[in-house]
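The structure under discussion appears below in the form of structure tokens.
Bear in mind these aren't lab numbers, they're just calculated from the coordinates by the rules spelled out. Being a predicted model, the structure only gives us computed values, none of them experimental. For neighbour counting, all protein chains shown are included, and Cβ atoms are generated from backbone atoms with ideal geometry for every residue, glycine included.
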Amino acid sequence: MNSIDEKLQPILAQVIRRNAGEPEFHQAVHEVLESLGRVVAKHPDYLEQALIERICEPERQIIFRIPWVDDKGQVQINRGFRVQFNSALGPYKGGMRFHPSVNVGIIKFLGFEQTFKNALTGMPIGGGKGGSDFDPKGRSDAEIMRFCQSLMTELHRHLGEQTDVPAGDIGVGGREIGYMFGQYKRLTNRYEAGVFTGKALAYGGSRARTEATGYGNTYFVQSMLKTRGADFDGKKVVVSGSGNVAIYSIEKVQSFGGKVIACSDSSGYVVDEAGIDLALLKEIKNVRRDRISEYARIKGQGVYFVSADKGSVWDVPCDVAMPSATQNELSGKDAARLVKNGVVAVGEGANMPSTPEAIKVFQDAGILFAPGKAANAGGVATSALEMQQNASRDSWTFEQTEARLASIMRGIHDTCFETAEEYGAPGNYVLGANIAGFVRVAEAMRMMGVI
Ligand code: GLU
């Protein structure tokens, strides 16, 4: 790991003490503090005003019981979370994650990252995140509905289109958002379309929202490549994951002339040198909800599957890597192998997919590296566009929405690039993203006094 300015070390020590046993949150804070030494040297008032400490402490954390009855009539208990991290720039905004690994530390790391990501978009949204340790795998539609309704019976009192606006994340897509929004509407007796984003088009969703995170990451990598006079054309690309972010990254990379040769799920990865057949991948993942090995089985000759215990998708040589599965999926060893195999650019589609060791390997090798809080901001930026459409009771075309997304992503790229130059670290997108995101939040907080 890189070092933290000594003036900032007590802040990290305090975060670790206060949030014991939450390694992902410590990691996310560590990574941001590494970048802020150069900021406090320029703005000592940020330290005097305790702005960094304040930003590291969530404004509010809600933890609640979610009781529900499964199809066998058994009572099940899950734990629900909503961490309302920072509202300096707008209502709390960030997704809900349903995954058995969810705990308060994971939600806190995600809410912390979200605060800076949302600031980078330039849209009026604060940062928050929520979720549950509920495992949707193998659950019937009726079980998912009862679970979402029970969750919302508690959560609704903490939400509002001017207060806190959730969306999807891992395990939460259009179906779950529909059930949660429906229950919110019923409990509050208000049709508050802007209280949720990622809604279906039928009731106030935005075109291009589903595609936005993957498309956005691809636009970001395209901008990075351009700084070195390169583009996607003819490049070999590996995208990890096969959820929403991965699928729409593959779609956009292919439209830019890149060749995606591998993708994965938690069971393993597939390699198809002819280029991933996206229609088949969508059918397997979105319709059949099946494992990725099905892809190799159906394709047959020349296409192979490697199970997760036998290797990692990062073993596959490529020019561009787009980790789009989950946190800490790409280790220092994976990064070293990617560099040895000639990778030139990495764009994080997931939140914090590269470990600190991996980031260091990429940076030492001088390759283009885009951190998730910048590269995957297209999803939440399009959520803000959805809120805008809801507020004006309007609905934009796909082209109009995608054009806004593309220009927002170019803006984020340029902000990170220029901020890195301004702070004496040209080409360091991690530093650029952390500083630019932090300064936007800190400035707004400074003006509002000690709150
Ligand atoms: N979960 C997504 C993210 O990590 C989207 C959040 C949103 O649209 O509010 O940014």
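For this structure, a couple of remarks:
- From the list 37, 95, 80, 73, the lone residue that is under 19 Å from the mean Cα position of the chain (by Cα) and not charged (D, E, K, R) is 95.
- Qualifying residue in segment 377-392 (condition: away from the ligand (no atom under 16 Å from the Cβ) and surrounded by fewer than 24 Cβ atoms within 10 Å (Cβ to Cβ)): yes
- From the options 289, 337, 297, residue that is basic (Lys, Arg) and under 22 Å from residue 172 (Cα atoms): 289
- Among the residues making up segment 152-190, a single one is out of contact with any Phe, Trp or Tyr (no Cβ under 6 Å at 6 or more places or on another chain), on the phi > 0 side of the Ramachandran plot and either assigned to a loop (DSSP other than H, G, I, E, B) or aliphatic (A, V, I, L, M) (or both): 189.
- Matching residues, segment 189-205, being over 17 Å from residue 91 (Cβ atoms) and buried (at least 21 other Cβ atoms within 10 Å of the Cβ): 205
- Residue match in segment 77-87 (condition: closer than 21 Å to residue 243 by Cα, within 16 Å of the ligand (Cβ to nearest atom), of a type outside the set (Ser, Thr, Tyr) and buried (at least 16 other Cβ atoms within 10 Å of the Cβ)): no
- Total residues in segment 69-117 satisfying the condition of being among the small types (Gly, Ala, Ser) and assigned to a strand (DSSP E or B): the figure is 3.
- Count of residues meeting criterion [small (Gly, Ala, Ser), surrounded by fewer than 21 Cβ atoms within 10 Å (Cβ to Cβ) and out of contact with any Phe, Trp or Tyr (no Cβ under 7 Å at 6 or more places or on another chain)] in segment 88-135: 3
- Restricting attention to segment 124-135, the residues that are within 20 Å of residue 104 (Cβ to Cβ), assigned to a loop (DSSP other than H, G, I, E, B) and within 16 Å of the ligand (Cβ to nearest atom) add up to 1.
- Search result, residues across segment 311-328 that are of a type outside the set (Gly, Ala, Ser), assigned to a loop (DSSP other than H, G, I, E, B) and farther than 15 Å from residue 360 by Cα: 316, 317, 318, 319, 323, 326, 327
- Of all residues in segment 194-230, those satisfying the criterion of being in a loop (DSSP other than H, G, I, E, B) and farther than 17 Å from residue 167 by Cβ are 227, 228, 229, 230.
- For residue 172, the conditions (1) over 25 Å from residue 325 (Cα atoms); (2) touching a residue at least 12 places away in the same chain (Cβ under 8 Å) all hold with the exception of (1).
- Index of the failed condition, residue 343 passing every other in (1) more than 16 Å from the ligand (Cβ to nearest atom); (2) surrounded by fewer than 23 Cβ atoms within 10 Å (Cβ to Cβ); (3) of a type in the set (Val, Ile, Thr): (2)
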